[in-house]
Each structure stands twice: as structure tokens, then as C-alpha cells.
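One structure below.
The values are calculated or read from the model by the stated rules, or taken from the named source; none is laboratory data. This structure is a prediction, so every number in the text was calculated from the model and none was measured. Don't worry about glycine lacking a Cβ; one is built from the backbone with ideal geometry, like all the others, and counts go over all protein chains shown. Remember, those area values only see protein heavy atoms, side chains included, never the ligands or the DNA or RNA. Shrake-Rupley method; radii C 1.70, N 1.55, O 1.52, S 1.80 Å.
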Amino acid sequence: MNGVAQPAFVLMWSSAFIVGIIGVGAAPPMVVLLGRYAVAGPLLVLYGLAVHAVWPRGRQLRHVMVAGLLMQIVQFGAFYTAMGEHVSAAVISLVQGLNPVVIALFSGVLGEHISRRQWLGFGVGGLGVALAVSDQSNFTWLGLLLCVIGLLGLSLGTVYQKKFTPTVDSRAATAVHQLFSAPFAGLLVLLSGNFHISDPGRFAGALTWMVLINSMGAFLLLNAMLRRWDATRVGRLFFATPVTTAVLAWLFIAQPLHPMTIAGLAVGILGMVLASRRTPSGATSEALVPAVGRPELARA
């Protein structure tokens, strides 16, 4: 497992940005979102039942639902729409990678300390994003705003989940997140009024990959690694996803790798490293790993 799992996970995680762009090229972003949750949600519930996951109830279930809306509907709704605005996969991956930096900024909610090194990391990470988008010919302010909204959805959802549902079984939480998000994605489809799928075959292929590889495969592999290794070791893998995403985008969907994009990725990753330095509680290092995938949050 040691020799294959880590590169496999990086490739699986990075591929989500590529297949997302393929998906929104074949169907409206909200239709892609609905398709993903409508299929992945029930499959993850079946998986949770098969492994005897402990399901949240009552107030705890409501908190899981709120976290799910932030991490699924707000995050991916914004990111998929940004893809429709021609924001490159590399830039979206880099912005998502700033999640631990934003969590550090929200650390007052959790009573945690932000070091000078982490503040420096935030500034350096922001500079990296600025460099990466500076030579994007299709760059729009709307696309960048959507990326920021997606990042806030992920970060706020992670903080909310850590504060209100720290003991929920991660397998059950992931299933609830996606199943509960499906009707909200359907509502967004209705509000957008855009239902046309221009390329059904391409849409079906992208959706299949999203469900089996991104929603299920990457999640299962992440949990397997976290059962074997500590969160900091696994978290360092996320430093590799922006560069891997950029290379995959260049290879498979012909998104160019401009010199400023490469420079922005390098600077952004440096910011991520600085911001993820372990605090006295160790929380910021662990923030690199999605909260729904951490085994210390599971009771079974």
C-alpha cells in the first residue's frame, strides 16, 4: 500500500477538477451537481450500511446536514460554476488548497492560536493565487469570486463540523452530506432554468468518474491511509494536488501551463506549507485533511 496508495490518491483527488470541467462542458453546472449527489448519495448510504456505520440522529443529524450544505452545495456549486466561467483547473485546485489557511483565520471559533508563520503563509498563498490568475486569458472577476465562495464553503463547513459534530462517524457523515445535498442541487437546477445536456455521452462518462473515483474511491482510500498513518503525513499529499491538477489539465483538456501559472502554483504551495505548520493543538496540520475523512471523527 505504501508505494501505490499515495500517488494513486493524489491522482484521484486531482482528477476531480479535470472531470468537473469535462462535465460542465457537457451539461449546466447545477445539473452536474445534481447528478453527482443523486447517484453518489444512495451508494454511500449503502456502503455505510454495509460497514455498520453509526448514523447521526436528532440535533446531531441537523448539524451534519448544515455542514454538508456548506461543504457540498456551496463549495462544489461555486467551483463548478467557476469552471463554467472558464477558470482553469489549476487555479481552482490552488484556491481549494488554501483551505487550511482559511481555517486558521477562523480559528477564533475553535479557540486556537494563529502563529506569525501561518499569517505569512496566508499572505504568500494569496500571492500565489494572484500570480496564477494573472495571465489567464479567460479570467473573469466573477470566476475568481466563485472560487472564493467555494473555498469559504469548504472552510466554514469544516470548522462547523469540527465544532458541532466532532464524534460523528465519518462514513455516515459523508453519505448524509451527499444524500441531503441532492434535493438542494435539484432546486438550483430549477432556479437556473437550464436543463439542456449538450453531450449526453460525455456527461455520463464524467458523472461515472465523479461518483466512482472522486466521491467513493478517493474517500475510501483516504480513510484507509488515515487508519494506517497520521493525519499530518496524509495531509502533506494535498500539497501535490495543484501541480498534479495543472499537469493533468495540460495533458487531457489542453489547458496551457503559462510561466506565471507555474510560478503562482509554486508560491501558493509555499504558502500552504507555511500555513499548515503545526500549532500547539496540532489542528492546523490536520486541517489539510478533509474532516469527513478523518478516522478520529468516527466512533466505529
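Please report, in debye to the nearest 20, how large the charge dipole of the range 11-156 is about its Cα centre when each Lys and Arg carries +1 at its beta carbon and each Asp and Glu carries -1 there.
Using Cβ point charges on Lys, Arg, Asp and Glu, the range 11-156 gives about 460 debye.
Would you mind getting me the FRET efficiency between L120 and V54? Use the beta-carbon distance for r and R0 = 35 Å, nearest 0.05.
According to the calculation, E is roughly 0.30.
Which Cα, out of A82, S93, G41, lies furthest along the positive dipole direction of the range 1-123 (beta carbon charges, K/R +1, D/E -1)?
G41
If each of H86 and L61 carries a label point 7 Å out from its Cα toward its Cβ, how far apart are those two points in nm?
Here the modelled spin labels are 4.6 nm apart.
Going from the alpha-carbon gyration tensor of the range 138-222, what semi-axes, largest first and in whole Å, does one get by taking the root of 5 times each eigenvalue?
For the range 138-222, the ellipsoid semi-axes come out as 26, 20, 15 Å.
With a 1.4 Å probe and all protein chains left in place, how much of the accessible area of the range 49-100 comes from carbon and sulfur atoms, in whole percent?
Result for the range 49-100: 62 percent of the exposed heavy-atom area is carbon or sulfur.
Just how much of L131 is accessible, in Å², when a 1.4 Å probe is used and the result is rounded to the nearest 10?
Taking all protein chains as shown, L131 has close to 40 Å².
Tell me, what is the FRET efficiency for W250 and R202 to the nearest 0.05, using R0 = 25 angstrom and their Cβ-Cβ distance as r?
So the FRET efficiency works out to roughly 0.80.
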